[in-house]
Amino acid sequence: GRKLVKIDRFFPSSKRCFHCGFVKDKLPLNVRSWDCPNCQTTGIDRDINAGKNILAAGLAVSVCGANIRPDNNCVKGQLHKTRKGKKQKPKP
């Protein structure tokens with residue numbers, strides 16, 4: 001079987017540097033790539049970076065039980081509706 005791990009919707013997956021863990025204060029939606037001032041990694045694609053961070057967070061929870069603020073609204077054996085956030089549009 002497989003285990004579904006849900007991370008908090010406010011987990012900074014796009015803003016956290018996958019290489020060193022630095023978290024950028026602000027990252028507007030229209031910024032598609034950024035440079036890490038901590039480890040000097042350049043051209044970090046926000047979507048690929050987010051995917052790597054989400055994978056790492058899920059593995060940390062499943063392997064060592066790390067606290068990545070999982071969604072605790074699930075009741076075992078029951079389905080629930082997920083809350084939908086307001087869709088953001090990138091600024092021109």
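Where a number appears in this text, it was derived from the coordinates with a stated rule and is not lab data. None of these values were measured; they are calculated from a predicted model. For neighbour counting, all protein chains shown are included, and Cβ atoms are generated from backbone atoms with ideal geometry for every residue, glycine included.
A compact table of results
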{"quantity": "Failed criterion for residue 53 (all others in (1) in contact with a strand residue (DSSP E or B) (Cβ under 6 Å, 6 or more places away or on another chain); (2) assigned to a loop (DSSP other than H, G, I, E, B) hold)", "calculated": "(2)"}
{"quantity": "The stretch 1-33 - residue that is hydroxyl-bearing (Ser, Thr, Tyr) and assigned to a loop (DSSP other than H, G, I, E, B) and, of those, farthest from residue 62 (Cα to Cα)", "calculated": "14"}
{"quantity": "Subset of the stretch 1-18 that is in contact with a strand residue (DSSP E or B) (Cβ under 8 Å, 6 or more places away or on another chain) and within 15 Å of residue 47 (Cα to Cα) - its residue that is surrounded by the fewest Cβ atoms within 10 Å (Cβ to Cβ)", "calculated": "12"}
{"quantity": "Residue list for the stretch 38-49, filter: surrounded by 11 or more Cβ atoms within 10 Å (Cβ to Cβ) and farther than 27 Å from residue 63 by Cα", "calculated": "38, 41"}
{"quantity": "Where residue 27 falls short, out of the listed (1) touching a helix residue (DSSP H, G or I) at 6+ places or on another chain (Cβ under 6 Å); (2) within 22 Å of residue 91 (Cα to Cα)", "calculated": "(1)"}
{"quantity": "Some residue of the stretch 34-43 being within 15 Å of the chain's Cα centre (by Cα) and assigned to a strand (DSSP E or B)", "calculated": "no"}
